[in-house]
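The structure appears below as structure tokens.
Nothing in this text is a laboratory measurement; each read-out follows from the coordinates by a stated rule. This one's a predicted model, so the numbers in the text were calculated from it and none came from an experiment. Cβ atoms come from the backbone with ideal geometry, glycine included; neighbour counts cover every protein chain shown.
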Amino acid sequence: MASAVGEGRKLAQAESRVISHPMAPRKRNRQLRPPRPVKRLPQALIIGVRKCGTRALLEMLYLHPMVQKASGEVHFFDRDENYALGLDWYRSKMPLSFKGQITIEKSPSYFVTPEVPERVRAMNSSVRLLLIVREPVTRAISDYTQLRSRATPSAPAHPAPPAGEAARPFEHLAITADGSINVAYRPIAISLYHSYLHRWLEVFPREQLLVVNGDRLIEDPVPQLRRIETFLGIEHKIGRRNFYFNETKGFYCLRNDTTDKCLRETKGRKHPRVDPAVVTKLRRFFVQHNQRFYELVGEDLGWPED
């Protein structure tokens, strides 16, 4: 019995020496240090559509304290030369974030590039996908407007139009000489949303993709952003206090606790006048294509039919 008591005392003394060891406080202090931010692969992607408000959406989401965004379009999944650099390179392009924050990247050409859905799934099969769309004829005219006004060399994802094309009226490009719709014209082709979306839905379940109405986002951002916050699983933090309407630009600008911010001058560019008869012809053409898109997403966006 005495031997057991003696052994117990020796053990207690040994434990006391361990606890009072000079290294013990340093271990405890290291555990109390605040977490450090790291670069993470994105948990959400804005995959498109071009000229539907992808930049505006990204900047609006960045108002949320739990969202961190990549600073530019990384084009990892749609450009072979970038994809070949691997996920470590992609991660290096991401912002620093704390655990629990959501990292978001946007590259609008992801939506229309055939290889992208499978590549995204290989990176993160549970990634959240944001697809922002606008009324397709409006989107096509906006696309034409940007192509026509582009003054700097085009990025590979957005090749410059053929010589002389930028100077031609939209009507001459969207309608062929025989009066049919020119579906080979890129601004028209990209507006055929269903022809690209089906590839994504073959790879990802519908519940991982949220369709954002770009027209409504421009008119009244908050309701659309609340839907996105719910979709991303983050608390509702973005409210009307975060926006003010700029009469000169004709769209909402952003406001947080310290600064106000409007998108750059190239955003909200005034569209050229397009013959109303051509607009009507195009909208009638898109009716069946819009219906196929509605069926895929399970929602009628109510776009005009003439």
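Some notes on this structure:
- Label-point separation in nm, Lys270 to Ala167, each point 7 Å along Cα→Cβ: 2.2
- Taking 0.36 nm per residue of sequence separation and removing the Cα-Cα distance, the Glu299/Leu41 pair yields an extension gain of 89.8 nm.
- 15 Å Cα-Cα reach of Lys261 towards aspartates and glutamates, excluding residues that sit fewer than 8 places from it in its own chain: Glu59, Glu247
- Lys249-Ser71 FRET efficiency (beta carbon distance; Förster radius 25 Å; 0.05 resolution): 0.65
- The GluC sites (Glu not before Pro) found in segment 70-129 that occupy coil by DSSP, while having at most 16 further C-beta atoms within 10 Å, are Glu115.
- Compared with the alpha-carbon gap, the fully stretched path from Ser180 to Phe98 is longer by 24.2 nm at 0.36 nm per residue.
- Centre separation in Å (Cα based) which lies between segment 179-206 and segment 284-305: 12
- ³J(HN,Hα) computed for each position of segment 113-129 - Karplus, 6.51 cos²θ - 1.76 cosθ + 1.60, integer Hz, glycine/proline x: 8, x, 6, 5, x, 5, 5, 5, 4, 5, 6, 7, 6, 9, 4, 8, 10
- In segment 173-239, the convex hull through the Cα atoms has an average projected area of 6.5 nm², a quarter of its surface area.
- Taking amide hydrogens as placed 1.01 Å from N in the peptide plane, the amide H of Gln68 sits under 5 Å from those of Ile102, Thr103, Ile104, each at least 5 positions away in sequence or on another chain.
- Here the Karplus relation 6.51 cos²θ - 1.76 cosθ + 1.60, evaluated at θ = phi - 60°, turns the backbone of segment 47-55 into coupling constants of 8, x, 9, 3, 6, 10, x, 5, 5 Hz, with x for every Gly and Pro.
- Ranked packing of 212-225, 174-187, most packed first, by mean Cβ within 10 Å: 212-225, 174-187
- Nonlocal amide H pairs with Lys39, under 5 Å, H built at 1.01 Å: Ser97
- Length added when fully stretched, Asn82-Glu219, from 0.36 nm per residue minus Cα-Cα: 45.7 nm
- Given Lys93/Lys270; Lys99/Lys237; Lys106/Lys237; Lys106/Lys281; Lys39/Lys270; Lys99/Lys249, the pairs whose alpha carbons are separated by over 29 Å: Lys93/Lys270; Lys106/Lys281; Lys39/Lys270; Lys99/Lys249
- Set against the 2.2 N^0.38 Å expectation for a compact globular protein, segment 38-297 has a Cα radius of gyration ratio of 1.02.
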